[in-house]
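Asker: This structure is in structure tokens; I'll ask about it shortly.
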Amino acid sequence: MSSRWANDDPETEAIVAEQKRVKEQKKRAKAEKQRLEEAKKAQARDANANGELGPPTKRRRLSNDPDAHSDDAELLKIEKEQKSQSTLLRFPVGEWGPCRHVDNFERLNHIEEGSYGWVSRARDISTGEIVALKKLKLENSPDGFPVTGLREIQTLLEARHQNVVYLREVVMGNKMDDVFLVMDFHEHDLKALLDEMREPFLPSEIKTVLLQVIGGLEFLHSQWIMHRDLKTSNLLMNNRGELKIADFGMARYFGDPPPKLTQLVVTLWYRAPELLLGADKYGTEIDMWSIGCIFGELLTKEPLLQGKNEVDQVSKIFALTGPPNSETWPGFRLLPNAKSLRFPSTSAPSSAGNPPLLPRSRFPYLTNAGLSLMSGLLALNPASRPTAKQCLDHKYFKEDPRPKPREMFPTFPSKAGMEKRRRHHTPEAPKRGQEAPELDFAGVFGGAPGGDTGEVGAGFSLRLG
Ligand SMILES: Nc1ncnc2c1ncn2[C@@H]1O[C@H](COP(=O)(O)OP(=O)(O)O)[C@@H](O)[C@H]1O
Ligand SMILES: [Mg+2]
């Protein structure tokens, strides 16, 4: 028996089956369409989240393990950065306030008239704090605010480090070119201190001083800042044994490769040989040379190389280091002023090593490690000088006697704190905007006359062998 509903008829059965198939097909097509629409929507959502219209370029991983894949770590870092940026943006943006007036400071005493400004000790009337006030000398500005004044402010603002003088603010006087830097006050500069001391620093104290200068300089160089006027009068010390690099009047940013720069930088006695020989491409090595000169001065309390003019300076340098040769300083002959150098025909090879070791007789109290550091810093070839970072790792600082802890550093009466300082009779940094003179170095080895004093080569005898 069959059901009355049964489609026994094979023809009817075929029709029903066909209807069923079409219905199934439609159902599947509808599901597929829905799926495609869902996918599209999801893609649009992703694109929005990535801030782009196309599909995300990077597949997102779900693993949270930062070591699982460097892409993951990178992604997490970017996400973190984006997060912190968006958090930062929620804060109100800082505003440029007007500069305060210099009348907010009571001037106590004049400290020093330098090449580009004068400095006085002053009291911040609102807080009672003692500060140093430096008036920028801006008169050499043909077109309003001079770029060099801006550089001093900008580089100082950028150079926040425990061994760099702290610029608190910039204040104005009544005229547009009355611009003052307000800095933390420090009792001494190293030049005045050395002048006033009866005995030179102890070796342990020299290390403490040098480590701080070089530490500050390493930071400056890492920030692409060359100081270009390192000397003892630009190094400040307070009575807590802390040293601060100051006077950014010559400082500037440098690039890699270095741009063409003026050679008229760095006070003569601290000026590197490549500058004296007219190099217009130079780098941080010029600051390292100055550190070598400062090192020498710390040992004896006297500036190491006191040339009377550029030619005499080169002469004094070669008297200490021996003349360069193509082995110790390849390519020095190509420097503009090297063409006029006439070397003695019997030029003996300098002492062994590259850079050659300086004569021990000039630094009798220095250890071998100290002499090796000094010889590196005063290498004629800039490429042979150690970087600030390398100096900090030098064995000289690790051997006994160890650097004296800062808090054990002796204190000295401060001239700057009480009275006008004695003016140092030392050369100053070159004036800005000057043309570098063409120099005739024929007289460096005591031969033909050169320079403008007629004393060129005086006292110089070439050390042979
Ligand atoms: N922050 C300071 N605290 C105490 N004395 C300072 C300070 N800044 C500078 N001086 C003194 O003033 C002198 C000149 O300042 P500096 O910035 O070197 O100007 P210049 O460009 O005129 O050489 C320094 O040698 C130092 O004796
Ligand atoms: Mg100075």
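Asker: Testing the spin-label approximation: label points 7 Å from Cα along Cα→Cβ at N109 and F412. State their distance in nm.
Answerer: Result for the modelled spin labels: 1.6 nm.
Asker: Tell me, what HN-Hα J-couplings in whole Hz come from the Karplus equation 6.51 cos²θ - 1.76 cosθ + 1.60 at θ = phi - 60° for each residue of the range 155-170, using x for Gly and Pro?
Answerer: After applying 6.51 cos²θ - 1.76 cosθ + 1.60, I find 5, 5, 5, 6, 9, 7, 7, 5, 10, 10, 4, 8, 8, 7, 6, 10 Hz.
Asker: Sort R362, R28 so that the residue with the fewest other Cβ atoms within 10 Å of its own Cβ comes first and the one with the most comes last.
Answerer: Ranked by crowding around the Cβ, least crowded first: R28, R362.
Asker: Which value in nm describes the separation of the simple spin-label points at K20 and K40, placed 7 Å from the Cα toward the beta carbon?
Answerer: Result: 3.4 nm between the two label points.
Asker: Can you tally the net charge around A383? Count Lys and Arg as +1, Asp and Glu as -1, for every other residue whose Cβ sits under 14 Å from the Cβ of A383.
Answerer: Net local charge, A383 excluded: -1.
Asker: Follow-up question, since we're still on this one. At H101 and Y166, where each label point lies 7 Å from the Cα along Cα→Cβ, what is the point-to-point distance in nanometres?
Answerer: The two pseudo-label positions are separated by 2.7 nm.
Asker: Right, another one. For N354 and L150, what is the calculated FRET efficiency with R₀ set at 51 Å and r taken between the beta-carbons, to the nearest 0.05?
Answerer: 0.80
Asker: Within the set K231/K431; K191/K244; K231/K301; K244/K415; K135/K281, which residue pairs have Cα atoms separated by over 20 Å?
Answerer: K135/K281
Asker: With a sphere of radius 12 Å drawn around the Cβ of N163, what net charge do the other residues whose Cβ falls strictly inside it have (Lys, Arg +1; Asp, Glu -1)?
Answerer: +1
Bear in mind these aren't lab numbers, they're just calculated from the coordinates by the rules spelled out. Predicted model only: the values in this text are computed from it and were never measured. All Cβ positions, even for glycine, are placed from backbone atoms using ideal geometry, and neighbour counts span all protein chains on display.
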